[in-house]
Structure formats: C-alpha cells, structure tokens
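A short write-up of the structure that comes next.
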Amino acid sequence: MLSLEQQEVYRRRYAAMRLGWRPGSQVYQDLVSARLTPDTRVLDLGCGRGGVMERLHPRAGFVAGLDPDLRSLQEHRAPALALACGAAEMLPYVDSSFDLVCCSWVLEHLPDPAQSLAEIARALAPGGRFVFLTPNALHPLLVFNRSMRWTRGRLVGRFYDRIEADTFPAFYRANTLARIDRLARAAGLERVSLQFVGDPTYLAFNEPIFRLACVLERFTPRPMRVHLVGEYRA
C-alpha cells in the first residue's frame, strides 16, 4: 500500500524534477488564502478533522466548519472554530452568511450535488466565492475506481494506507468540468477559474512504477489530469 508519508516523499521528488509544478492541495490552499481578509466569513464544508482552515483560520474574520461525521468534528484540530454537524444538501445557515465556501475532497462524495451547490449559492453573499479541490472523474485511475462497483468508490482505502474511518463512498456526480459547470450555472454560480492538476504520485507504489507514472503524466491530456481545482462566484 501507499502511505501518505511515502506519497509526500515522491511529491517532493516530482516537484524537483518538474519545476513550477505544485500539487492540487497547494493550488487549492493558495486560492483559499488569496480570498482571506480580517473581515472574511468562511465556511469550511466537509471540514473533517482539520485541513486548510485549520492552518489559515487566524487570517479570516469568522470560520465555520461543517461535516456530517460527528466523530471527525469531535477530533477537530482547531476546536475554536464554529463547528457543526450537518450535510451539504441542507446547510444550517441563513442566506448570505459567508463570503467564502471552501471544500476539499467533498464533491465526489455528494449524492445530490445539484442540491448541495444550490445550498452553497444560497449561503454565499453576492460576489462570494466557492473554492474546491476534487478528483477528476476522467482520470484513468478514477475511471478504474468507478468501474469496480464492489469497492463502492472506496479504492483509496483498499490500495492506499488510509484508515477505514476516513474512507467514504464516492459517487463522482460533479467531477468533470462539464458537470460542474452545468450544476454551478443551474445554482447561480459563475466560473472564475478551473485548473487541471496532474500528480503521478498516486501510482508511486515503488520506484519503477513511480518512474513509469512520471512518463505517463507527460502524455496525459490536460482535461484528464487527476485533480480539479476550481473557483466560482455567486
């Protein structure tokens, strides 16, 4: 299996090999960071135990965290945030509550992304931003995952060293540019940017496979790169 620590080692190596490359998580964090001011009201949707706002919350005016998993909230590493248990399909906030809604590794798990995006748009103030990081359903690894119905989208937990409590069924119903654009427009959100970010380290189970994955990454079409990092405006 591939541990997070091992994957990070390969990511550092890949970054040294390909100058200018940044992993999707860093691209996402930079987008979030660029939107933070002392007055910014932020919702970290699917906040889990921490993540980006765990590190960046001192730069914002107010930060709420929402997650359907109560245990994750109880173990959150920044308990000073306004944490609540709930689902994206029914946000427990009044209209125009936030200037920024951000989420990472959430869109792929939404059973009803149309309703969730409508709720995000409702909770955003006019001109507010929705920033996200999610897998690209067109990437070959994701296509394989979806084809293996017996995994219920849990391939990450089977092939990677992730604890069972941190793996959830994935539906990939909002995980291509076309689908996200269509759902976002219907919700009243306008695309500001959408980046396709490659990352061969998901196949870095050993040195030969890592080297092969780096070669394959060079020939992967841009719309099929493994991560989508987007920003939409209310």
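Read through the list (1) more than 16 Å from the chain's Cα centre (by Cα); (2) at pLDDT below 95; (3) within 21 Å of Val197 (Cα to Cα), then give the number of the only condition that Ala34 fails.
Single failed check for Ala34: (2).
Per-residue answers, yes or no, for (1) more than 17 Å from Leu2 (Cα to Cα); (2) not small (Gly, Ala, Ser):
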| site | (1), (2) |
| --- | --- |
| Ile180 | yes, yes |
| Ala186 | yes, no |
| Ser193 | yes, no |
| Pro200 | no, yes |
| Glu207 | no, yes |
| Phe210 | no, yes |
| Phe219 | yes, yes |
| Gly230 | yes, no |
| Ala234 | yes, no |
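Considering only residues that are of a type in the set (A, V, I, L, M), free of Cβ contacts under 8 Å to residues at least 24 places away in the same chain and within 16 Å of Ala123 (Cβ to Cβ), look in the stretch 39-84 and name the one that is surrounded by the most Cβ atoms within 10 Å (Cβ to Cβ).
Val63
So Arg146 passes all but one of these: (1) modelled with pLDDT of 95 or more; (2) surrounded by fewer than 19 Cβ atoms within 10 Å (Cβ to Cβ); (3) touching a Phe, Trp or Tyr at 6+ places or on another chain (Cβ under 7 Å). Which condition number does it fail?
Failed condition: (1).
When only residues in the stretch 171-183 that are within 17 Å of Gly46 (Cβ to Cβ) and touching a strand residue (DSSP E or B) at 6+ places or on another chain (Cβ under 8 Å) count, which is modelled with the lowest pLDDT?
Top of the filtered list is Tyr172.
Taking the options Pro140, Pro200, Pro208, name whichever one is modelled with pLDDT under 95, under 27 Å from Gly20 (Cβ atoms), in contact with an Asp or Glu (Cβ under 6 Å, 6 or more places away or on another chain) and of a type outside the set (A, V, I, L, M, F, W, C).
After ruling out the rest, the residue left standing is Pro200.
Identify, from the list Pro92, Pro113, Pro126, Pro79, the residue that is at negative phi and modelled with pLDDT under 95.
Of Pro92, Pro113, Pro126, Pro79, the one residue that is at negative phi and modelled with pLDDT under 95 is Pro79.
Can you say whether Pro126 is out of contact with any helix residue (DSSP H, G or I) (no Cβ under 7 Å at 6 or more places or on another chain), surrounded by fewer than 21 Cβ atoms within 10 Å (Cβ to Cβ), in a loop (DSSP other than H, G, I, E, B) and of a type outside the set (Lys, Arg), as far as the supplied structure shows?
Values: out of contact with any helix residue (DSSP H, G or I) (no Cβ under 7 Å at 6 or more places or on another chain): yes; surrounded by fewer than 21 Cβ atoms within 10 Å (Cβ to Cβ): yes; in a loop (DSSP other than H, G, I, E, B): no; of a type outside the set (Lys, Arg): yes.
Considered against the rule, which asks whether it is out of contact with any helix residue (DSSP H, G or I) (no Cβ under 7 Å at 6 or more places or on another chain), surrounded by fewer than 21 Cβ atoms within 10 Å (Cβ to Cβ), in a loop (DSSP other than H, G, I, E, B) and of a type outside the set (Lys, Arg), Pro126 comes out as no.
Based on what the data block shows, is Val32 of a type in the set (Val, Ile, Thr), crowded, with 16+ Cβ neighbours inside 10 Å and either free of Cβ contacts under 8 Å to residues at least 12 places away in the same chain or out of contact with any strand residue (DSSP E or B) (no Cβ under 6 Å at 6 or more places or on another chain) (or both)? Before the answer, list the steps.
Numbers: of a type in the set (Val, Ile, Thr): yes; crowded, with 16+ Cβ neighbours inside 10 Å: yes; either free of Cβ contacts under 8 Å to residues at least 12 places away in the same chain or out of contact with any strand residue (DSSP E or B) (no Cβ under 6 Å at 6 or more places or on another chain) (or both): no.
No.
Report, by residue number, each residue of the stretch 198-212 that is of a type in the set (A, V, I, L, M) and surrounded by 20 or more Cβ atoms within 10 Å (Cβ to Cβ).
Within the stretch 198-212, Leu203, Ala204 meet the criteria.
The values are calculated or read from the model by the stated rules, or taken from the named source; none is laboratory data. Computed from a predicted structure; not experimentally measured. Cβ: placed from backbone, ideal geometry, glycine included. Neighbour counts: every protein chain shown.
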